[in-house]
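Trainee: Before anything else, here's the structure in question.
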Amino acid sequence: MTKKETSIEGLYRIDLKPFTDDRGQSIKTYSAEEFASQGLPTAWTQTLWVSNRHRGTLRGMHWQAAPHFETKLVHCQRGRVFDVLVDVRVGSQSFGNWCGFELSGAVPSALLVPGGLAHGYLTLEDESELLYQVGGEYRPDLQKVLRWDDPTIKIEWPERPVVISERDANAPLLTELLVDRVP
């Protein structure tokens, strides 16, 4: 496992090392010992599996507000997605900035997402699947959503969404939100 820093504080790309032989491949996606040795979170309280039928499906931009921030370890198990994070932590040096990463079931990697970042993705292939390990319990009353095409953030999506929920399509802009402080 190799931890790579990004331009957003606390957000890391984790490159994983597969073991491959004539049977196929095995990938260790998490090791408490390895994560702890690199100063990364080791307490996961939930595991979520998300499937997406169609290319062009957009989910996001979501996060959970204080005091119940959620840390996430995000893997693309199958297919391909463009994964995006926006720093919505007031007081953060990277407030309002975004990072985008292509995640693929063919390339063993993950994103370690700290609490206080809005997260979303656009599927680039049919039948794309993601696996999330989450630190913190889901609280629907603290769930927040940010407009995916906010003109002040200027996310450079690789293509326009074809499938998007009404909630995500009509989410508020960053300037309309009362955002959270850095945890």
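The numbers here are math on the coordinates, done by the rules we state, and not lab data. Not measured: the values here are computed from a predicted model. Using ideal geometry, Cβ is built from the backbone for each residue, glycine included, and neighbour counts are taken over all protein chains shown.
Trainee: Kirkwood hydrodynamic radius (Cα pairs, Å) of the chain?
Mentor: Evaluated over the chain, this radius sits at 16.8 Å.
Trainee: Which order do peptides 80-91, 58-69 fall in by mean Cβ count within 10 Å, highest first?
Mentor: 80-91, 58-69
Trainee: Right, something else. Give the long-range amide H neighbours of residue 94: residues separated by 5 or more places, or on another chain, with amide H under 5 Å away, using H modelled in the peptide plane at 1.01 Å from N.
Mentor: Close amide H contacts, sequence-distant or interchain: 9.
Trainee: Show me the ranking of peptides 26-34, 123-131 by mean Cβ neighbours inside 10 Å, starting with the highest.
Mentor: 123-131, 26-34
Trainee: Ok, one more. Check residue 77: other-chain or 5+ apart residues with amide H under 5 Å from its amide H, H built from backbone geometry?
Mentor: 129, 130, 131
Trainee: Which whole-Hz ³J(HN,Hα) couplings does segment 114-130 yield from phi under the Karplus relation 6.51 cos²θ - 1.76 cosθ + 1.60, θ = phi - 60°, glycine and proline marked x?
Mentor: Here the 3J(HN,Hα) series is x, x, x, 10, 6, 10, x, 7, 10, 6, 9, 9, 4, 6, 7, 10, 10 Hz.
Trainee: Report ³J(HN,Hα) in whole Hz for each residue of segment 9-15, in order, from the Karplus equation J = 6.51 cos²θ - 1.76 cosθ + 1.60 where θ = phi - 60°; Gly and Pro get x.
Mentor: 4, x, 9, 10, 9, 10, 8
Trainee: Need one word for segment 8-65: rounded, prolate or oblate. Basis is the Cα gyration tensor (sqrt eigenvalues a ≥ b ≥ c); a/c below 1.5 gives rounded, then a/b vs b/c decides.
Mentor: The shape class here is oblate.
Trainee: Say a paramagnetic label sat at a point 7 Å from the Cα of residue 34, along Cα to Cβ; which residues of segment 1-22 have their backbone N under 17 Å from it?
Mentor: Label zone hits: 1-5, 12-21.
Trainee: Let a ≥ b ≥ c be the square roots of the eigenvalues of the Cα gyration tensor of segment 5-101; is it rounded (a/c under 1.5), or, if not, prolate (a/b larger than b/c) or oblate?
Mentor: Judged from the Cα gyration tensor, segment 5-101 comes out oblate (a/c at least 1.5, b/c at or above a/b).
Trainee: Cα centroids of segment 104-126 and segment 36-89: how far apart, whole angstrom?
Mentor: 6 Å
Trainee: Using 0.36 nm per residue, how much length does the chain from residue 17 to residue 175 gain when fully extended, once their Cα-Cα distance is taken away?
Mentor: Taking residue 17 through residue 175 to full extension adds about 52.8 nm, to one decimal.
Trainee: List, in order, the whole-Hz ³J(HN,Hα) value for each residue of segment 150-167 obtained from phi through the Karplus relation with A = 6.51, B = -1.76, C = 1.60 and θ = phi - 60°; use x for Gly and Pro.
Mentor: Along segment 150-167, the couplings run 4, x, 7, 8, 6, 5, 9, 5, x, 7, 6, x, 9, 10, 8, 6, 4, 4 Hz.
Trainee: Can I ask one more? Would you work out if segment 45-125 is rounded, prolate or oblate? Take a ≥ b ≥ c from the square roots of the eigenvalues of the alpha-carbon gyration tensor; rounded if a/c is under 1.5, else prolate when a/b is larger than b/c, oblate otherwise.
Mentor: Verdict is prolate for segment 45-125.
Trainee: How high is the relative contact order of the chain, in percent, with contacts defined as C-alpha pairs under 8 Å that are six or more residues apart?
Mentor: 30 percent
Trainee: Return the long-range amide H neighbours of residue 56 (sequence gap of 5 or more, or a different chain), with a cut-off of under 5 Å between placed amide H atoms.
Mentor: Here 123, 124, 125 satisfy the definition.
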